[in-house]
Amino acid sequence: MAGSRGAGRTAAPSVRPEKRRSEPELEPEPEPEPSLLRTSPLSHSTGSDSDISDGEESVFSGLEDSGSDSSEDDDEGDEEGKDGALSDEGHSGMEKTTEEQVQDGSPGLRTAVASARTGDEYAEDSSDEEDIRNTVGNVPLEWYADFPHVGYDLDGRRIYKPLRTRDELDQFLDKMDDPDYWRTVQDPMTGQDLRLTDEQVALVRRLQSGQFGDMGFNPYEPAVDFFSGDVMIHPVTNRPADKRSFIPSLVEKEKVSRMVHAIKMGWIQPRRPRDPTPSFYDLWAQEDPNAVLGRHKMHVPAPKLALPGHAESYNPPPEYLLSEEEHLAWEQQEPGERKQSFLPRKFPSLRAVPAYGRFIQERFERCLDLYLCPRQRKMRVNVDPEDLIPKLPRPRDLQPFPTCQALVYRGHSDLVRCLSVSPGGQWLVSGSDDGSLRFWEVATARCVRTVPVGGVVKSVAWNPSPAVCLVAAAVEDSVLVLNPALGDRLVADSTDQLLSAFVPPEEPPLQPARWLEASEEERQVGLRLRVCHGKPVTQVTWHGRGDYLAVVLATQGHTQVLIHQLSRRRSQSPFRRSHGQVQRVAFHPARPFLLVASQRSVRLYHLLRQELTKKLMPNCKWVSSLAVHPAGDNVICGSYDSKLVWFDLDLSTKPYRMLSLSLLSTWFPSPRHHKKALRAVAFHPRYPLFASGSDDGSVIVCHGMVYNDLLQNPLLVPVKVLKGHALTRDLGVLDVVFHPTQPWVFSSGADGTIRLFT
Amino acid sequence: MHIHKLKKKIQKKKESKYIKKKSILKKLCLTYDDFNKICIYKGIYPRDHKQIEAKYRSKFNKDICYTRKDFKNIKGEPIINTLREIKTYYKKYKKRKQRCGTNKEECKNIIKGLPQFKLDHIIKERHPNLSQAVGQLNDALTAIVAYSLLPSDEKIGIKNDSIQKCMQLKNIFHYYVYKTNKITKAFITVKGYYLQAQILQQNVTWLIPHIFTPYYDTSINFKIITTFIEYYTCLLNYVLFKLFKIDDLSYPPEQNIELKNEKLGHIAYDQTYFVDLAKVANNTKGCDSSGNNNENNNTMLLNAANFVVNDEASDETEQNLHIKVYTKAEAAEDIATENVVTQGIEEKSVKKKKKKKKNTTSNEKSNEKNNDTSNDKGNDTSNDKSNDKSNDKISSTPTTVIKHYINEDDNNKLKNLFKNFIFYIHNDMPFDVLSIIILSCGGKIGWKSKYSPYNYKNKAITHEITETEIRGCEENFICERDRIQPQYVFDCLNRKEILYCFNYKVNKQLPVHLSPFIDDENYKDFVKTEEYTISKMLSTNYEQRNDNNNNNNNNNTNKMEMGQTDEKGIIKTDMTTKVQSDDEFDDITLVKCRNAALENQKQIEKEDEKDDVQSQKNSQNEPQTGDMTKTDNINDQNLKLGNLKKQKKHNELQRKKMLMSKKKRKLYNRIENAEKRQKQKIQKWINKTSKQKNNKKKKT
């Protein structure tokens, strides 16, 4: 053992020869005393005082654990311990030995060594002195972490740390080379490596496994009772018994008498044995037939469980069996989501039917439902859809109205944006995107004249006055006033005279528009005047008398609407402020009102007083068109979300009736399918009719009777859906106009045709 | 009072219509579990938050709320006190147990004193009328039947005594139901056997599960189920008591221990088996002998007679006596038909027999041993007095205030459905359910046991219920019996007539088993209309098919009848000519189905799209009519005309729709869509059936 350790020792310096330069000289010295081996570097490093530790092999030398010595010590100690146990003071002896064991793990091993040396183990022993070599006392050694030393020895000299703290590599090499590496422990006080002896290792093992440190100690020695179990002749104590142990207790007597009294009085009654068999009686003996069902009227009795249908049968009709996909879908669903809690299956026989797996679960769920679920009476609404449909008079009774297509006016090569009929009803003018105005004879569908205007005609309007023959057309940023010279020659001539009678004033007033006379070439085509604006014109409309002309410009700001006076060639902008984009304007047929339709509202202005009279709210998203009833009390608005709104001006500013004229919307009620926009609306000047043209290519003619009696509300009945126009570029009907005298309606479409329905 | 205080008071009053669960617990010092218990007993359920006014709803946010009326109702409940007492009792018990230590005797004594509560007042409060209580028995019965099959496990809250109670109650109820012939419908499902009985004009439906191995799902709180069971057992006890009283039976009925040990369930309560027990050996001998003697006689008579051969003579005498008694006592029930009279007599005789047993057990024994009628007479005379006495007692005690009208007429047919039949139930069949149904319908049963009134080899047995082929037939008469599958019994009951056994023979492909509950209100309420129509269609369809099969079995004798029954004009001629081939017939039924569906739809929708339907009918007729070529042009024209008309109608509708208000239009569209969906679903279903038909054809 010692030899092997020596080999280890010698191997160690060979690893690091340079560091221990000073050692080799001194190496021979410690050889006779192997225990000194490890202190040697310390002592040498301190310098001269190696003798002390060397020479005194008493206390200090014992500190260094030396395998050979300590084994002897232990043995001796054990022997002594046994002796002690055998002797009378066995108890204390045992203590000592245990003390030794405790100290064994620590450097305090030296006590044992010392005792072995001296023979009297207790003489030197003082458990207080833990480590005599290092006198720093009980301070954390981290405090010395930054110093080269770890403490001071008895003489006050520094105890230096080993010169080089070993790094990981050294440790690893040690681990590999040194077979005793596992039993090497570092002494924190000196920083030295300690090598445990076999005995020490065995001791550690014993302590680890919870045994006594002393091998010789027998924990199962027979116990000696203090009191023997035998009955002796003499008592343990010889005290005579008290008197009270012979006398009945008064307190108890009182208690008993109280109980007796209570029993007498019947206060305490013996517990009756409970009857295990339950007794039942006729609970409904006095039954009140008129008893309220339930406690109060709010009570909702629990609904009964649903009865099984065919699908639940063990032998169901084949239609109820699930296909494979349905089966998979069923299995993927959560049990709570399933429509049926069970899987319909067909069993060949009753014996083959297995137990239903969720049976108890279902009962439990029912129980939970009964006391945890809020209940509610659900009123099932039974509405007959027939009742929802309003009762309307038959359209046959509301005749006349246009019922079928009579004529088609072909000629335009592009979509026909606008239409207008002459006040006499003989001529028709249309403006198209192909840059021309066409004049048609209504009765024959003959194109009487074509006027190229060199731009898209946005709007066209025939002067309503029968005394003049004038047509206003909005082309790009100008309004053209034409004299088509159709019909009565006299009228045409007088119109020309009227226009030429204008004498320009001396100082031309500031005007928002320029009035230009037409050139000679243009006059031949029919053009008389040109009113130029800076902005594109979207709409032009005449006042009922035919002198005033309202124009809508596509601009921002307050100059969207201009009013021109033809006879004096004057223009004015009536508004100082704008209220959104103006869509349409219309003159009131009887009173000096101007209706201006902006995107969300329709405003009614009094032109003479120059004030806002009314503001109508059509409740639709985007007003597209506007028409005023010839009597002047009713207004209709068409909107791009396919609504037609009827206002009764006398009634309120809210719509009197809203008609949803989209044909598609009734078939596809979901909002995904966009509704077709209404492009134009028109009133018939004589008959109680109004029409609307929409993008789905249909013209819907409605009967709109307005009564003179103020108490009677107008009667609105859709009477006919007229179809004829083909859809091009998702556009259908662009304009609708009624014939002034006949119940006929003209419509212009995106397919470049104009159609007459009679 | 200051105005602000007044306002607050009013506010509080308004808010106080509802109350939080937490505050109830706080006010009544109840634990959560106790409160749940009370809710279960009293049938109190929480309220929906939507019912609360939106103003005050935030106060009840995320808490279960009850009405204040419920709270008041709970507040005065004597059960709460008992629950509290129980709580203190447990505390005491705990303390005492610590002190007593090992003295178990004392601990047990304490337990015996545990306060118990009664639920009768709650039952009376929840169900002021008997019929109402009977109407609410569905849940109770199903739960009790399920609970009786659980194994006892006190740890997870399944109480042993509750299970015993449930078992007993289940058997007593089954006994009552078949004894008074109350079963009306039965249905084998994947979940178990549904039985329906009509008691006091209330339909009571319950579910007997297939035998299952019990399992403990951790998500199931058996304590809650046990609490429910406590209430249900109490309710059923009281209801049964009253029902037994109405039918002049004594409650609880006595149970024969030997039969009980045989696990015969409800039959253990049956007095007839009770009495016959000792005679079984005798009886079988007698049967055999009588069977030998009367072989030449009508077997039917024998069947009817041999069951109580020994009692026949005595019964006659008893009947006479009873009629006398009856006139004397002038019982409150109005009994019009003879059947009812006899039934009453039967019941009374049963009662009497019991009394007999009580009074003169020794006599009875001797009586049973000797089959002398004279002895019986003597007994009867002795019993007569006691009977009179009892009757007097009944008449003297104030009878029920309300006479419960017992609807006998409907049941009469069912009661005698299996009157002449004796079924032998094999061991592997569900004995419980089958015996209830058969006995309820007036049949008789035999099974493999020494207590069975009929041996397997008894000649009187007419049917055997089994699903397995029995190989070697030793004797002729056994082979001659009808071996049927159990579905036969169910189908007979649901159809209310005796069906031909041919389709139900062992090893035969069974006809489909259809639910008898389609017409029930309860079913209609829960199922969407289209499904209801489909199932309705289906049932009529299959019934017709069955009829047809039957007719075929009868060598097509009643073709004419069929024609009459199936008159719907269109297919009448086809029916009579093409009945022979099955496939064609299927097609016809299919078409009929469709028509029926459309008719049904029409009824539901109440739409008068007559031409629409007509055109559809035309289109359906096309494949049917063989002379397509001739009527082709006409049909085309018809179609065109129809289309035009349709178009016109559509336009008209559209025109009208334009004037509808937004709200109405939305509603209308919703209804329209729902109808469309219904139609689609029915169409889908029809497609499915036709596909199956085609597949079958291809296979053949």
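The values are calculated or read from the model by the stated rules, or taken from the named source; none is laboratory data. Values in this document were obtained by computation on a predicted structure and should not be read as measured data. When we count neighbours, we look across all protein chains shown, and the Cβ atoms used for this are built from the backbone with ideal geometry, even at glycine.
Candidates are the residues of the stretch B:125-145 that are touching a Phe, Trp or Tyr at 6+ places or on another chain (Cβ under 9 Å) and not in a helix (DSSP H, G or I); the one that is nearest to A:Glu362 (Cα to Cα) is B:His127. How about the stretch B:23-60: which of its residues are of a type outside the set (Asp, Glu), part of a loop (DSSP other than H, G, I, E, B) and either closer than 21 Å to B:Leu119 by Cβ or more than 9 Å from chain A (Cβ to nearest Cβ) (or both)? Residues satisfying the conditions are B:Cys29, B:Leu30, B:Thr31, B:Gly43, B:Ile44, B:Tyr45, B:Ile52. Listed by first and then second residue, the pairs with beta-carbon distance under 7 Å, at least 6 apart or on different chains, first residue in the stretch B:664-683 and more than 8 Å from chain A (Cβ to nearest Cβ), second hydroxyl-bearing (Ser, Thr, Tyr), are B:Gln678/B:Thr529; B:Ile682/B:Thr533. Do you know which residues across the stretch B:95-124 are within 30 Å of B:Gly76 (Cα to Cα), part of a helix (DSSP H, G or I) and without any contact (Cβ under 8 Å) to a residue 60 or more places away in the chain? Passing the criteria: B:Ile110, B:Ile111, B:Lys112, B:His121, B:Lys124. Please verify whether A:Pro289 is at pLDDT 75 or above, at the interface with another protein chain (Cβ under 8 Å from one of its Cβ atoms) and either in contact with a strand residue (DSSP E or B) (Cβ under 7 Å, 6 or more places away or on another chain) or at negative phi (or both), treating the condition exactly as stated. It is false that A:Pro289 is at pLDDT 75 or above, at the interface with another protein chain (Cβ under 8 Å from one of its Cβ atoms) and either in contact with a strand residue (DSSP E or B) (Cβ under 7 Å, 6 or more places away or on another chain) or at negative phi (or both). Where residues in the stretch B:189-212 are among the hydroxyl-bearing types (Ser, Thr, Tyr) and at the interface with another protein chain (Cβ under 9 Å from one of its Cβ atoms), which of them is farthest from B:Asn138 (Cα to Cα)? This residue is B:Thr189.
Under the condition of being hydroxyl-bearing (Ser, Thr, Tyr) and surrounded by fewer than 16 Cβ atoms within 10 Å (Cβ to Cβ), which residue from the stretch A:182-222 is farthest from A:Tyr144 (Cα to Cα)? Across the stretch A:182-222, the extreme among qualifying residues is A:Tyr220.
Taken over the stretch B:145-168, the criterion of being at the interface with chain A (Cβ under 10 Å from one of its Cβ atoms), aliphatic (A, V, I, L, M) and either touching a helix residue (DSSP H, G or I) at 6+ places or on another chain (Cβ under 7 Å) or loosely packed, with under 15 Cβ neighbours inside 10 Å (or both) is satisfied by B:Val145, B:Ala146, B:Leu150. Scanning the stretch A:633-659 for residues that are under 10 Å from A:Val623 (Cα atoms) and within 13 Å of another protein chain (Cβ to nearest Cβ), we see that the one that is surrounded by the most Cβ atoms within 10 Å (Cβ to Cβ) is A:Leu644. Among the criteria (1) more than 8 Å from chain B (Cβ to nearest Cβ); (2) modelled with pLDDT under 85, the one A:Phe347 does not fulfil is (2).
Within the stretch A:367-379, residues that are more than 7 Å from chain B (Cβ to nearest Cβ) reach partners that are among the aliphatic types (A, V, I, L, M) and surrounded by fewer than 15 Cβ atoms within 10 Å (Cβ to Cβ) with beta carbons closer than 7 Å, at six or more positions or on different chains, in the pairs A:Arg377/A:Val300.
The set of residues from the stretch B:9-43 being farther than 21 Å from A:Leu370 by Cα and exposed (fewer than 12 other Cβ atoms within 10 Å of the Cβ) comprises B:Lys9, B:Ile10, B:Lys12, B:Lys13, B:Lys14, B:Lys26, B:Cys29. Note on the stretch A:318-337: residues that are surrounded by 14 or more Cβ atoms within 10 Å (Cβ to Cβ), assigned to a loop (DSSP other than H, G, I, E, B) and without any contact (Cβ under 8 Å) to a residue 24 or more places away in the chain amount to 1. Of all the criteria given as (1) under 38 Å from the mean Cα position of the chain (by Cα); (2) more than 7 Å from chain B (Cβ to nearest Cβ), the one not satisfied by A:Ile360 is (2).
Scanning the stretch B:213-243 for residues that are in contact (Cβ under 8 Å) with a residue 12 or more places away in the chain, at the interface with chain A (Cβ under 8 Å from one of its Cβ atoms) and part of a loop (DSSP other than H, G, I, E, B) yields B:Pro214, B:Asn221.
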